[in-house]
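No value in this document is a laboratory result; all are computed from the given coordinates. Note that the structure is a prediction, hence the values are computed from the model and not measured. A quick note on method: Cβ atoms are made from the backbone with ideal geometry, for glycine too, and the neighbour counts reach across all protein chains shown.
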């Protein structure tokens, strides 16, 4: 994988490169299927992420995706809150020795509990890290009306309690669009635009 990255960096100007490090496996190792912390949870994600960050030149962007893996737009274990994802990002940021350029957080499309978003108050990454939240639903027809607005409000409230305070943030799907079928793409892209145009988020 790193050999492929080096070939890419040799062909593309560094300032035009963004390397996204998917910590799905590392996140899974932090929590077993039973919900208890997994073995090696305190070292695997920071260690592998530091190794990855060292392979990326300073002028390139380096990003982190805090997911736990999906199949059919479903996580193998739905997260109970953002607590694990915040811990992973804080550990990766501390270990990497460089700013994480941007990050995406998982938000199940029916999630509108304050307790889910509350761990954002413990976010240690600074304003140099662009935050993105997966509030663009894969199946909007199955989502209760007003859910996206509630999610945006709860994200704002939790971030206001964090060390860096209120900040801008962006939107994304829960786990990207790589697994989405061609007919789904126009709908998902329109949803990004509609959510931003509605003023439900700060960016």
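Going by neighbour counts of Cβ atoms within 10 Å, the residues 185, 1, 177 line up, fewest first, as 1, 185, 177.
If a/c stays under 1.5 just call it rounded; otherwise compare a/b with b/c (prolate if a/b is bigger, oblate if not). Do that for the range 86-203, with a ≥ b ≥ c from the square roots of the Cα gyration tensor eigenvalues. Since a/c reaches 1.5 and a/b is larger than b/c, the shape of the range 86-203 is classed as prolate. Here the residues 2, 117, 102, ranked from fewest to most Cβ neighbours within 10 Å of their Cβ, fall in the order 2, 102, 117.
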